[in-house]
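The values are calculated or read from the model by the stated rules, or taken from the named source; none is laboratory data. Treat the numbers as computed from the prediction; the structure is a model and nothing was measured. No Cβ is skipped: glycine too gets one built from the backbone with ideal geometry, and neighbour counts run over all protein chains shown. Ligands, DNA and RNA are stripped out before the accessible areas are found, and what is left, the full protein with its side chains, is counted by its heavy atoms. Shrake-Rupley method; radii C 1.70, N 1.55, O 1.52, S 1.80 Å.
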Amino acid sequence: MDKIQRSTTLVSLFVVAVFSVLFARLFYIQVLNYQQLGSISTTNSIRRVWVQPPRGRMIDKKGVVLVDNQPLYTVKVIPSEFKKERTGYLAWLLKIEKAELADKISKGYEFNRFSAVTVSRNLDGVDVARLSENLWQLPGVLIETDNKRKYSDSLNGSHLFGYLRAISKAKLEEFAEQGYTPDDKIGFSGLEKYYEERLRGQKGARFEMITPLGKFAGKYNYGNSDIAAVRGDDLYLSIDGGLQQLAEQLLRKTGRSGAVVAIDPSTGGILALASAPDYSLNIFNGSTDSKGWSDILTSPQKPLFNRTVQAVYPPGSIYKMILAMAALEEKRMDPATKILDSGVFIYGGRRFLSNEGKGHGVVDMREAITVSSNVYFYNLIFKVGLDNWTKYGSMFGFGTKTGIDLPGERAGLLPSIEYYNNRYGKNRWTKGYLVSLAIGQGELGTTPVQLAAYAAALANNGTLFQPHIVNGYRDTATGRYIPFTFAKQQLPVTAETYGIIRDGMKGVVLRGTGTLAKVPGVEIAGKTGTAQNPHGQDHAWFIAYAPVDNPKIAMAVLVENAGFGGTISAPIARELIKYYIKGEKPPVSALPGSPKAEPDSTSETLPDVPSDNTVTNETPPPAAESSKKNSDVLPAE
């Protein structure tokens, strides 16, 4: 009996203890902590809000930030919480069309009705204040502080940096697993696109409690469950901001389309990259300026076209050095052998001119480069042969993409025997095509970035670097700087050959076709080129590097429909070299090249010739046979 009483007592005490704990907990919930839990009970929902990270910055070689971030006010709507009958009112507050707003909300609903979709960007302070006062009437509407780009005031960099645009449906499906949502912006061109993965960062998330009216009721779990956004990695560029600004100004001053690519011959790092016409990246910043966008799309000059990597034109006489190097390396011509340039080269019953038919007299290889003698190189290509001409062009990267870190690069075209066989049929094309190829015309097509890399390889005695704009990045997570590695190759061309080419190119600037590139106190090697244009005025090329003894900069300059490269492109190179080597910047009003320079030689006849002399081997025609003595003068055909 005593045992039963003791057991009953213990059970009673246990029951009393349990109910005491429950009562105490109930008292805490109902009395002491009623505010927080009262809010939870009336809210009955937790909202996840994505937090966009700031994108990585772009910093030039001197540490100047060229692309940064700044605050952006954004309006978002959570479709599941928004009342459709309030669409017109919200559209009125945002100053947008009701149909446009409804379409954005509908698309957001289809993707994820519980996820916020952006309906308006780039609000000013007045609009934000007006909307804030009316949020109590608009459940599911959020005002977020996002980020947009902040660009340098001194330069555009439109084809260099690129711009952001709302992610397309196709890209969203492709990148859905990487965390992209319909209202995200993604790099659409330039470095923004190429390095999207590095620049974008990682989204964060904020968890909020809300009332049935959509009012903020407090942070869920005191914010302890929030996930911080991680900013994108900063990119460190090889670009010199001052040189970039000057390149853009000089191109703009010509009033024509064109391109400038300047490169460090010791690394392959791009120092400046400009394409004209350009545009302000602020047109796409935050929200797209519809008028600005329309002007860009309708412009006949095609500002979106990045001429530095996409414009493909014959290089003209700039390519003569490839033919000269092939002749020297393959022992097909002694550089001291002289040829009489009478001004006319006859082949297949056609006349091909040199120096407008006036000729250059007796020239050896160095002098032929300096004065740009067409007749010399017409003769030379029949000694070298198409196979070797193609071989050395390919060696210097022509006909293939350089691998520069920009989207949309084109490979150009390097003709070969195989190319002509495929196009015209085996044994159905003639040696006449070689005449135009000898002076860099015909089917040969190159880009400004290819010619800049070529100029750099000539400057450094044969190291062909992969051109690049970004040297490396700073990892946001670790704070460590991570350099990129880029390809390079040493070309099998002797130092003696480069010396001969260098002598000829120095002569171009000192007394030849590129005298308007002279900079007092700086020895410059250069070469003019004229790309024949059957649709209008010829395009003007110029390549250069300086100082000759210790090159710090190499470049290619293209001005479209400008005629002769020595008149308009060479002065642009002069000002860029003067600034980069001597620190001298011209006044903004400085006009690239006013005095006339000696024109580059161009053929006035298209390369189609009668179908005799079909190319079946690489034997040169009799009149172009090598002389037995270096001092002999070879007559031009």
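Just a few scattered comments:
- Looking across region 373-413 at every residue that is in a loop (DSSP other than H, G, I, E, B), out of contact with any strand residue (DSSP E or B) (no Cβ under 6 Å at 6 or more places or on another chain) and hydroxyl-bearing (Ser, Thr, Tyr), the one that is farthest from VAL449 (Cα to Cα) is identified as THR400.
- Among the candidates PRO182, PRO79, PRO139, residue that is at pLDDT below 85 and buried (at least 16 other Cβ atoms within 10 Å of the Cβ): PRO182
- Hits in region 338-372 - residues which are acidic (Asp, Glu) and either in contact with a strand residue (DSSP E or B) (Cβ under 8 Å, 6 or more places away or on another chain) or surrounded by fewer than 20 Cβ atoms within 10 Å (Cβ to Cβ) (or both): ASP341, GLU356, ASP364
- Residue that is under 29 Å from the mean Cα position of the chain (by Cα) and not polar (S, T, N, Q), where the choices are LYS76, LYS62, LYS104, LYS84: LYS62
- Residue check for TYR222: open to solvent by 30 Å² or more (accessible area, probe 1.4 Å), within 17 Å of the chain's Cα centre (by Cα) and aromatic (Phe, Trp, Tyr): no
- Of all the listed residues (ARG57, ARG47), the sole one being of a type in the set (D, E, K, R), open to solvent by less than 60 Å² (accessible area, probe 1.4 Å) and modelled with pLDDT of 70 or more is ARG47.
Okay, residues lined up against (1) free of Cβ contacts under 8 Å to residues at least 40 places away in the same chain; (2) among the hydrophobic types (A, V, I, L, M, F, W, C):
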residue	(1), (2)
ASP387	no, no
THR402	no, no
ALA411	yes, yes
THR430	no, no
ALA453	no, yes
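- Criterion (more than 26 Å from the chain's Cα centre (by Cα), at pLDDT 95 or above and open to solvent by 40 Å² or more (accessible area, probe 1.4 Å)) met by exactly one of LEU510, LEU516: LEU510
- Within the set ALA259, ALA176, the sole residue that is touching a helix residue (DSSP H, G or I) at 6+ places or on another chain (Cβ under 8 Å), on the phi < 0 side of the Ramachandran plot, among the hydrophobic types (A, V, I, L, M, F, W, C) and outside the structural domain of LEU138 (by the TED database) turns out to be ALA259.
- Of the candidates ILE322, ILE296, the single residue that is open to solvent by less than 40 Å² (accessible area, probe 1.4 Å), of a type outside the set (Gly, Ala, Ser), more than 19 Å from GLY393 (Cα to Cα) and assigned to a helix (DSSP H, G or I) is ILE296.
- For region 478-498, the criterion of being open to solvent by less than 10 Å² (accessible area, probe 1.4 Å) and more than 31 Å from the chain's Cα centre (by Cα) is met by at least one residue.
- 1 or more residues in contact with an Asp or Glu (Cβ under 7 Å, 6 or more places away or on another chain) and of a type in the set (Val, Ile, Thr): qualifying strands (runs of 3 or more DSSP E) within region 49-151: 65-77, 117-121
- With respect to the conditions (1) surrounded by fewer than 24 Cβ atoms within 10 Å (Cβ to Cβ); (2) of a type outside the set (A, V, I, L, M); (3) under 23 Å from GLY393 (Cβ atoms), PRO314 falls short on a single one, namely (1).
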